[in-house]
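What follows is calculated from the coordinates using simple rules that are stated; it is not laboratory data. All of these numbers come straight from a predicted model, not from anything done at the bench. Note: ideal-geometry Cβ built from the backbone for every residue, glycine included; neighbour counts use all protein chains shown.
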Amino acid sequence: MVSNRRTGRRPGDTRTREQIVAAARGSFAANGYDGTTMRGVAAAAGVDAALLHYFFGTKDGLFAAVMDVPVSPSRVADDVIAGGVDGMGDRLARRFLQVWDDPVSGPALVGMIRGATSHEPSAELIRDFVGREILGRIAATLDRPDAALRANLCGAQLMGTALLRYVLRAEPLASTPAEVVAAWLGPTLQRYLTGDPPDRTVG
């Protein structure tokens, strides 16, 4: 799980953290990602809002804890965005595969995707989160009127890869080394991000 806990535990830390996560889970289910606030969760849990920042840092960290994902996807977005638009496709591909190939975060993400495919509220929650914290932030770096579509195309390419490689374990994709997969994905993602749009007059 994601946590910004400092070294050393205070009495009752574990129970308080579980209490906050339970309150957050109820809020996300009832209000969605956008409708959930740190203050609202704190009030529902009966704790000071500062405790949420102590345990989780930000709302996306709290969301990752609720979804039982040991890595905050928005931190992946930070890593990708930090280098600017040039080479973003390659960084996005490599960072994405690194997270999914990780022995801790990978299985948790597979479980999350499987749950979302069979539970519409979970799918809606993940969709809202990914749209705002990952794709939305990538789109904001693109100075283009179709930035949201470009970011969504990247998301579709990556999630299709995740489904085949990690969930369905389709061969030979499942056993192909990550660096090879990234080399294939990177240019395609970069084309989505910065390439010329297709000529709609063709055909």
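Assuming 0.692 mPa s and 37 °C, estimate D for the stretch 28-98 with Stokes-Einstein, Rh taken as the Kirkwood radius over Cα pairs, in µm²/s. Write down the numbers at each step before the final one.
Details: Rh = 13.8 Å.
Answer from the Stokes-Einstein relation: 239 µm²/s.
As an exercise, find the ratio Rg/Rh for the chain from alpha-carbon atoms, using the Kirkwood inverse-distance average for Rh.
Ratio of gyration radius to Kirkwood radius: 1.01.
Can you work out the base-10 log of I(q)/I(0) for the stretch 13-66 at q = 0.29 1/Å, using the Debye formula on its C-alpha atoms alone?
One equal scatterer on each Cα of the stretch 13-66 leads to -1.26.
Which one, Ala22, Phe129, Thr36, projects farthest toward the positive side of the charge dipole computed for the chain from Cβ point charges (K/R +1, D/E -1)?
Ala22
More than 18 angstrom separation, counting every C-alpha pair in the stretch 98-174; what % is that? Write out the running numbers ahead of the final one.
Working: 1413 of 2926 pairs.
Here the long-distance tail beyond 18 Å is 48 percent of all Cα pairs in the stretch 98-174.
Only Cα pairs within less than 10 Å get springs; with that Gaussian network setup on the chain, which residue of Thr161, Thr176, Thr188 has the largest fluctuation?
Result for the chain, Cα springs under 10 Å: Thr176 fluctuates most.
By how many nm would the segment from Ala174 to Asp86 lengthen if fully extended, with 0.36 nm per residue of separation less the alpha-carbon distance?
28.8 nm
Taking 8 Å as the Cα distance limit and 6 or more residues as the minimum spacing, I'd like the relative contact order of the stretch 13-66 as a percentage.
That works out to 39 percent.
Give me the distance between the Cα centres of the stretch 88-109 and the stretch 169-201, rounded to whole Å.
14
If contacts are Cα pairs under 8 angstrom and at least 6 residues apart, what is the relative contact order of the chain in percent?
Taking the mean separation of contacting Cα pairs over the length of the chain, I get 23 percent.
Using a 7 Å offset from the Cα along the Cα-to-Cβ direction at both Ala49 and Asp78, what is the distance between the two label points in nm, to one decimal?
About 2.0 nm, to one decimal.
Would you mind classifying the stretch 146-203 by shape? Square roots of the alpha carbon gyration tensor eigenvalues, ordered a ≥ b ≥ c; an a/c under 1.5 is rounded, otherwise it is prolate if a/b is larger than b/c and oblate if not.
Numbers: a/c = 2.35, a/b = 2.15, b/c = 1.09.
Because a/c hits 1.5 or more and a/b exceeds b/c, the stretch 146-203 counts as prolate.
Over the stretch 107-178, calculate the relative contact order: mean separation of alpha carbon pairs under 8 Å at least 6 apart, over the residue count, as a percent.
Working: 31 pairs, mean separation 14.2, N = 72.
Relative CO of the stretch 107-178 lands at 20 percent.
With r as the distance between the Cβ atoms of Leu149 and Val110 and R0 = 35 Å, compute the FRET efficiency 1/(1 + (r/R0)^6) and round to 0.05.
0.80
For Asp68 and Leu163, what does the FRET efficiency come to when R0 = 30 Å and r is the distance between their Cβ atoms, rounded to the nearest 0.05?
Between Asp68 and Leu163 the formula returns 0.95.
Please list, by residue number, every one of the trypsin sites (Lys or Arg not before Pro) in the stretch 151-203 that is coil in DSSP and has at most 12 other beta-carbon atoms within 10 Å.
Qualifying residues, ordered by number: Arg169, Arg200.
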